[in-house]
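First comes the structure, then the notes that go with it.
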Amino acid sequence: MRKLGWTTAITSGILIGLAACSPQPMDNPMQWQTLNGEAPLVIAHRGASGLRPEHTLEGYALAVAQGADVIEPDLVMTSDGFLIVRHDRYLSTSTNISDLPEFAGRRRVSDGRDDWWAEDLTLDEIQTLRARQPFNGRSLEFDDQFSIPTFEDVLDLAAAHGVRTEPEVKSPGVLTASGLDPMPELIRILRERGLDHAEAPTAIQCFEPDFLARLNEHIDTPLLMLVFSMQELDPEVDFMTPTVSLHDLATFADGVGPDKALLIDSDGHDTGFVSRAHALGLSVHPWTFRDDQPVADGANIEDELQRIYRLGVDGVFTDFPETAIRVRDEMQAE
Ligand code: G3P
Ligand code: CA
């Protein structure tokens with residue numbers, strides 16, 4: 001169902017009901033507090049990126065083999081207009097480009113960073129690179145072996161295995177300002193594959209509300225607004241990002257992807273975020289759960305996942321999907 005335009009809904013003060021997100025009867029013993037009463041989705045964040053270089057077909061395939069429900073490609077653009085999967089527009093940390101002499105003269109400064117940039121290279125050039133593990137402390141065993149896939153490569157893999165995708169469009173404002181608006185190519189791909197409707201096994205994520213509000217005018221694919229900052233959870237102001245409130249984003253998005261710190265405070269207590277989002281019909285997919293990065297209050301990953309599942313989140317982004325699946329399935333079996 002097409003949602004009202006963001007501005008229109010704000011102006012008219014209409015609270016939108018989202019049929020696609022309406023709760024369904026709970027019919028399993030766990031009584032999950034998710035919007036549809038089903039077990040939360042495990043979303044392989046950048047693939048099984050704790051164990052393989054991120055955003056590679058090999059990393060996504062491992063996540064699928066582990067039982068992930070969803071794989072997450074982050075999307076950036078090449079100079080010739082292709083959507084490829086990288087977490088960052090710059091390439092030095094997740095590829096071997098710094099070792100390749102043919103690219104030595106292609107560095108430049110952007111956003112205060114001296115690096116190689118995906119939007120400066122053609123797809124053919126990107127495909128000569130190999131992926132590297134960018135996180136300290138993780139295995140480098142698979143570095144310099146796997147190529148950089150296109151978005152369509154990832155959709156092919158997902159379709160072949162029957163898993164969902166949650167693609168994130170990275171920095172659309174910057175890309176559009178440089179003449180590379182990712183939206184037409186994104187819409188073309190989704191339409192061509194029949195992924196432009198409300199029941200499509202995909203949800204498009206973005207940190208930029210303007211982009212999602214604009215996208216909502218063109219396709220009915222579920223949209224997930226990412227948020228990473230909120231000074232206080234103020235029930236009066238309902239303020240979540242510098243540009244959009246929880247209430248307002250419900251007029252153009254179907255779900256919200258918050259930093260997990262917005263759901264549980266530093267003492268380990270529920271902030272009320274999930275219930276507030278659910279009351280607006282928004283699904284909640286927090287990020288990012290990492291076996292190798294303990295949370296501030298000292299909870300181990302199993303405890304952290306259990307308490308986040310108990311809040312009723314509808315999905316979790318994790319670099320280690322196998323762990324999130326195990327913890328979820330243990331709770332289901334209890
Ligand atoms: O898209 C969810 C999460 O991935 C957002 O953070 O920086 O890891 O893309 P990031
Ligand atoms: Ca992401």
Seminar exercise, completed: For residue 191 and residue 267, extending 7 Å from Cα along the Cα-Cβ vector and measuring point to point gives, in nm, a value of 5.3
For this session: Rounded to the nearest 10 degrees, what's the angle between the helix 321-333 long axis and the longest principal axis of the chain, both from Cα atoms, 0 to 90?
Result: 20
For this session: State the extension gain, in nm to one decimal, for the chain segment bounded by residue 106 and residue 245, taking 0.36 nm per residue of separation less the distance between their alpha-carbons.
Result: 46.0 nm
Seminar exercise, completed: Out of 192, 166, 72, a Gaussian network model of the chain with alpha-carbon springs under 10 Å gives the largest mean-square fluctuation to 192
Problem set entry | Against the rule of thumb 2.2 N^0.38 Å, how large the Cα Rg of the chain comes out | 0.98
For this session: Return a whole-number percent for the relative contact order of the range 48-125, with Cα pairs under 8 Å and 6 or more residues apart as the contact set.
Result: 26
Exercise. Taking a probe of 1.4 Å, how large is the accessible area per residue of the chain, in Å²?
Worked result: 42
Exercise. What angle, in degrees between 0 and 90 and rounded to the nearest 10, separates the Cα long axis of helix 151-161 from the longest principal axis of the Cα atoms of the chain?
Worked result: 60
Exercise. Do you know the relative contact order of the chain, to the nearest whole percent, from alpha carbon pairs under 8 angstrom that are 6+ apart?
Worked result: 22
For this session: Would you tally the net charge around residue 255, using a Cβ to Cβ cut-off of less than 10 Å, leaving residue 255 out, and scoring K and R as +1, D and E as -1?
Result: -3
Exercise. Tilt of helix 57-66 relative to the longest C-alpha principal axis of the chain, in degrees (0 to 90, nearest 10)?
Worked result: 30
For this session: Kindly work out what percent of the DSSP beta bridges joining two residues of the chain are antiparallel, to the nearest 5.
Result: 30
Problem set entry | Rounded if a/c under 1.5, otherwise prolate or oblate - the range 103-224, Cα gyration tensor axes | oblate
For this session: List, in order, the whole-Hz ³J(HN,Hα) value for each residue of the range 204-217 obtained from phi through the Karplus relation with A = 6.51, B = -1.76, C = 1.60 and θ = phi - 60°; use x for Gly and Pro.
Result: 8, 9, 6, 7, 9, x, 4, 5, 5, 4, 5, 4, 4, 6
Seminar exercise, completed: Here the FRET efficiency for residue 38 versus residue 140, based on Cβ atoms and R0 = 35 Å and rounded to 0.05, is 0.40
For this session: Please give the calculated 222 nm ellipticity per residue for the chain, where each DSSP H segment of at least 4 residues contributes -39500 (n - 2.57) and the sum is spread over every residue; nearest 500 deg cm²/dmol?
Result: -7000 deg cm²/dmol
Problem set entry | Apportionment of accessible area to carbon and sulfur, the range 26-131, percent (1.4 Å) | 48
Problem set entry | Size of charge dipole - the chain - debye, nearest 20, with Cβ of Lys, Arg +1 and Asp, Glu -1, no other charges | 420
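The values are calculated or read from the model by the stated rules, or taken from the named source; none is laboratory data. Only a predicted model underlies this, so the values are computations on that prediction, with no experimental measurement involved. All Cβ positions, even for glycine, are placed from backbone atoms using ideal geometry, and neighbour counts span all protein chains on display. Heads up: the accessible areas ignore ligands, DNA and RNA and are worked out on the full protein's heavy atoms, side chains in. Shrake-Rupley method; radii C 1.70, N 1.55, O 1.52, S 1.80 Å.
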